[in-house]
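First comes the structure, then the notes that go with it.
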Amino acid sequence: MSDWMIYLIKVASFQAVMVMFYMIFLRRLTFYGFNRAFLIGALSIGFLLPLVHVEDKPVYQANEELVNMIGTKLIAEPIQVMEEVKPSFEINWTLMLLMLYGLGVLLLTQRFLSNFNKIRKFKYGHQLINKIGAIEVFRTPFAQPFSFFKSVFIPQQVEETPEMELVMAHELQHVRFGHSYDRMLVDFMIVLLWFNPFIYLLRKCLIEVHEYQVDAAVTSTPQSRIAYQMSLVSLAGGGFSGPVSFFNFSTIKRRIQMMNRNKSSKVSLMSLTLLFPMLFGLVVLFSFKMKSSVKPLIELPTKVKVFSEDLRGEKPSIFPVSTDEGKIKVSSTFGMRTHPIDKERQMHRGIDIAGKTGTSIIAAGDGEVVEVENQPNGYGKFIVIKHDDTYKTKYAQLSEQLVKVGDQVKKGQKIAEMGSSGKSTAPHLHYEVMENGKPVDPVKFINNYSFSQVRIEQSRSLAEAEREAAEKQALLARAEMTEVEKQRIEAARAQQLAELERKVAEESLHREAADLQREKAELQHEKAELQRAKELEQQSLKESMPMIIEVPDEVEVIKEQEFPVVVEQPLVPEVPVRPGTPEIVEEEIVVEQEYPVIMEQPIIEEVIHEQEYPVIREVDLDKDKNKNKSKDKSKEKSKDKEKDN
């Protein structure tokens with residue numbers, strides 16, 4: 001498991017222990033300032049404690065069984081190492097967890113910044129109604145009052161109520177205690193430790209302590225306590241989401257109980273004595289590191305000189321890495337390979353043995369140290385041991401070099417620690433064996449390594465043959481692609497392009513046809529609306545016809561002009577002239593006036609129909625009524641004049 005995952009797990013575990021201690025021993029106490037400091041300390045110390053490391057003296061691990069000693073040589077117990085077969089498909093769970101953690105951090109960071117920016121903009125979007133020193137008071141449309149650093153936001157509906165004074169006192173206490181800093185800190189910690197359920201409980205406890213602390217500061221007398229509790233109940237409701245301090249909080253019942261609770265005695269703090277052994281245990285569990293190493297089978301004094309005669313015929317013969325400090329594997333063999341960094345085919349002069357950093361590297365045979373160098377862009381830190389005039393071994397990519405030039409080493413003696421100090425992608429040992437100055441396969445010189453050399457050679461030969469066959473097949477395929485094939489491909493591409501253009505044209509035509517159809521439907525709809533409006537106008541015209549019939553005066557004038565012609569007919573000699581004759585004649589005139597009006601009525605309708613449309617559009621009933629009344633009056637006056645005449 002990666003170091004960053006272990007670190008986050010340690011931090012989450014420490015916070016879980018501290019929150020549980022608070023819930024059991026401190027939550028019911030009235031030492032609100034101490035409780036607040038305890039919770040903030042649990043946040044910060046949890047990140048620092050896993051970084052402390054306490055190292056003990058190294059514990060040496062040695063073979064329990066030693067074989068016969070001959071002179072000053074010890075022969076190490078054979079080491080059985082099985083080659084780890086790497087599966088063809090392997091899921092990197094560490095990378096998956098890292099991606100999941102990063103996604104959670106990214107989403108919560110966006111939410112954190114969005115809430116912070118939203119609250120910061122409240123100052124510019126609401127009216128400033130008061131300023132108390134450096135504290136600004138704003139009017140808001142929200143249901144609940146709240147504070148953020150040096151700003152207090154009061155709802156408009158609370159501003160004119162009796163609770164306004166208590167609300168202001170409550171929010172000013174939040175500002176004075178600096179509770180916004182605590183909220184910002186705990187929300188930022190949630191971004192980093194979003195997977196830890198106990199940090200959400202810690203935030204809830206911290207907000208609870210904030211409210212207890214402010215309640216205790218506002219309710220200094222029993223009278224104010226009662227009024228304050230009534231205000232809590234009357235202003236109960238939801239609030240704004242973000243790192244702000246509300247006047248109202250969801251645990252109203254618990255807050256009222258804490259206000260009415262007697263102050264805790266200092267004796268109750270004796271429970272803190274349990275905190276010290278708990279912290280010591282966490283330090284031992286998380287920060288204690290036991291240093292371990294392999295004790296060499298024999299330690300020769302540096303002053304002892306081993307003569308070259310004693311090394312005659314000596315050559316490397318054992319596996320150069322200790323196997324009792326963790327899992328190891330051969331990650332790369334001797335021969336041609338693609339370099340993992342340069343991505344080029346080149347000769348690999350040795351074998352790579354992967355493991356964790358700090359794994360012990362032992363000498364593969366007796367010899368003398370002839371080189372101790374460092375090449376950061378190549379082998380990194382490396383050691384070269386001369387075994388006799390024929391063989392040398394090189395140990396590269398080391399994290400620590402424990403010998404120096406001229407030291408005499410024995411087979412199995414620890415000479416270095418594994419690392420990744422040069423051109424490397426991960427901790428490993430690069431091990432080379434040189435015979436007369438030329439690199440050879442180190443596997444031939446490892447007697448206690450149990451993998452099959454034949455299988456490795458076969459696998460390497462098979463891989464090489466498959467690679468060569470694939471290259472030949474690719475060359476053959478490229479050679480067989482003639483000009484005709486290229487033309488066929490180009491024709492196919494041209495056909496695909498033409499088909500695509502045709503589809504685009506069809507889609508364009510369909511769209512145009514749809515637009516025309518839609519326009520036609522709209523025109524038909526407008527035509528139907530006009531027809532319906534015309535029918536309604538005609539219907540209203542017919543209904544108002546009696547009023548319009550009285551409009552034309554010219555017809556009546558014409559009838560009056562025709563009247564004398566009718567009167568002068570030879571009817572007078574037949575009727576004797578009497579004094580009452582004019583009255584009778586007037587009655588006959590009235591009858592004669594009615595007859596032509598009835599006969600000429602179709603002519604009036606015909607005239608109306610010709611002026612039907614404009615009259616209806618501009619008709620004003622009130623105006624027409626007044627006009628008709630005036631005409632009626634003029635008619636009456638004319639009749640009166642006729643009577644007088």
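The values are calculated or read from the model by the stated rules, or taken from the named source; none is laboratory data. The structure presented is a predicted model; accordingly, all values stated were derived computationally and were not measured. Cβ coordinates were reconstructed from backbone atoms using ideal geometry, including for glycine residues, and neighbour counts include every protein chain displayed. Areas reflect the complete protein model, heavy atoms only, side chains present, ligands, DNA and RNA absent. Shrake-Rupley method; radii C 1.70, N 1.55, O 1.52, S 1.80 Å.
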Where the second residue is at pLDDT 80 or above and part of a helix (DSSP H, G or I) and the first is on the phi < 0 side of the Ramachandran plot and lies in the stretch 473-491, which pairs have Cβ atoms under 9 Å and are six or more apart or on separate chains? Met481/Ile489
Condition first: more than 23 Å from the chain's Cα centre (by Cα) and outside any helix (DSSP H, G or I). Now tell me which residues in the stretch 177-194 satisfy that. Gly178
Only one of Val152, Val137 is in contact with a helix residue (DSSP H, G or I) (Cβ under 7 Å, 6 or more places away or on another chain) and over 16 Å from Ser231 (Cα atoms). Can you tell me which? Val152
Of those in the stretch 408-432 that are among the hydroxyl-bearing types (Ser, Thr, Tyr) and open to solvent by 10 Å² or more (accessible area, probe 1.4 Å), the residue farthest from Lys394 (Cα to Cα) is Thr425
In the stretch 138-176, what residues are over 33 Å from the mean Cα position of the chain (by Cα) and open to solvent by less than 10 Å² (accessible area, probe 1.4 Å)? Val158, Val167, His170
Go through the stretch 341-389 and give me each residue that's assigned to a strand (DSSP E or B), open to solvent by less than 60 Å² (accessible area, probe 1.4 Å) and of a type in the set (A, V, I, L, M). Ile351, Ile353, Ala354, Ile361, Ile362, Val369, Val370, Val372, Ile383, Val384, Ile385
I need a count of the residues in the stretch 195-234 that are under 28 Å from the mean Cα position of the chain (by Cα) and not in a helix (DSSP H, G or I). 2
